[in-house]
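The values are calculated or read from the model by the stated rules, or taken from the named source; none is laboratory data. What you see is a predicted model, and the numbers here were worked out from it, not measured in a lab. Cβ placement follows ideal geometry from the backbone for every residue including glycine, while neighbour counts extend to all protein chains displayed.
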Amino acid sequence: LFLAELGADPADARVRRGCEYVLTHSVAANEAFSVYQSLRPSGALHCLNGNLLYALAKLGYAGDERVQAALAWQVNAITGEGDVRFYETGTSGPGFACGVNLGQPCGWGAVKAVKALAAVPAAQRTPAMQRAIAAGVEFLFSRDPAVADYPYTERVSPHWFKFGFPLSYWSDVLETAAVLAELGYGGDSRLAPAIALILGKQDAHGRWKLENALNRKMWIDIEPRGKPSKWVTLRA
């Protein structure tokens, strides 16, 4: 995921080895990516699958049959179509329901799943993909994206309002707005408060700070937290 977001070259042999490793060691029996080392199908979550499908598409694997199969799982898990099986502890129902979120629809998972589908060129989207995208857009606009009060367990996560790079499994208002804009909703009045929130974080030099980071959790820190960020600025 991070290599894709950093713009790694899909033709680089090291990148391809990494993609092959993920595809060889992360796919469960239901053809989705699992969070478990044992590859239990119950570990297939929208956030993980959305992230990996987006990354693999950007890294040149969009046409790979394994990626296509995982994409089909994601689509059916969103719409409830096909023979997809749901699990109480994982993806627990259609419409982004997730056991990690106590069976409620997950905003982070929705953003990641729709982001993966948006990465599929419009001309290549099947009717099922279109239905899944429509369901995702409807869900993301079911709340004000600037408030991000999607169903939650204890409180709305502050991560929504702290822009970061890279994001991992969580999301933020900037990513939600970018995904919706990618799908043609940039001028939608329902997105205006989110765009205003984003612009309100811009400094006098036209830059955005790194407010949320995985510093000290990766092999190397990409940028210092709290300072102007070229990567967040690029996202914005």
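A quick yes/no check of all residues on (1) over 30 Å from Pro224 (Cα atoms); (2) touching a Pro at 6+ places or on another chain (Cβ under 9 Å):
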{"site": "Ala69", "(1), (2)": "yes, no"}
{"site": "Val75", "(1), (2)": "yes, no"}
{"site": "Asp83", "(1), (2)": "yes, no"}
{"site": "Phe86", "(1), (2)": "yes, yes"}
{"site": "Met129", "(1), (2)": "yes, no"}
{"site": "Val156", "(1), (2)": "no, no"}
{"site": "Leu174", "(1), (2)": "no, no"}
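With respect to Trp219, is the statement that it is surrounded by fewer than 17 Cβ atoms within 10 Å (Cβ to Cβ), within 19 Å of Asn51 (Cβ to Cβ), modelled with pLDDT under 95 and of a type outside the set (Lys, Arg) true? So that I can check it myself, show each step before the final result.
Details: surrounded by fewer than 17 Cβ atoms within 10 Å (Cβ to Cβ): yes; within 19 Å of Asn51 (Cβ to Cβ): yes; modelled with pLDDT under 95: yes; of a type outside the set (Lys, Arg): yes.
Yes.
Hey, among Arg66, Arg85, Arg40, which residue is among the charged types (D, E, K, R) and touching a strand residue (DSSP E or B) at 6+ places or on another chain (Cβ under 7 Å)?
Working: Arg85 fails: touching a strand residue (DSSP E or B) at 6+ places or on another chain (Cβ under 7 Å); Arg40 fails: touching a strand residue (DSSP E or B) at 6+ places or on another chain (Cβ under 7 Å).
Result of the check over Arg66, Arg85, Arg40: Arg66.
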Given the criterion within 21 Å of Phe141 (Cα to Cα), in a helix (DSSP H, G or I), touching a Lys or Arg at 6+ places or on another chain (Cβ under 6 Å) and modelled with pLDDT of 95 or more, identify the matching residue among Asn76, Asn51.
Asn51
Just the residues that are under 13 Å from Ala177 (Cβ atoms), surrounded by fewer than 16 Cβ atoms within 10 Å (Cβ to Cβ) and of a type outside the set (A, V, I, L, M, F, W, C), please, taken from the stretch 191-216.
Pro193, Gly200
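For every residue, the table says whether it meets (1) surrounded by 18 or more Cβ atoms within 10 Å (Cβ to Cβ); (2) assigned to a loop (DSSP other than H, G, I, E, B); (3) assigned by TED's automatic domain parsing to the domain that holds Leu45.
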| position | (1), (2), (3) |
| --- | --- |
| Ser92 | yes, no, yes |
| Val111 | yes, no, yes |
| Ala134 | no, no, yes |
| Thr153 | no, yes, no |
With the requirement that a residue be outside any helix (DSSP H, G or I), in contact with a helix residue (DSSP H, G or I) (Cβ under 8 Å, 6 or more places away or on another chain) and crowded, with 21+ Cβ neighbours inside 10 Å, what does the stretch 94-109 give you?
Phe96, Cys98, Cys106
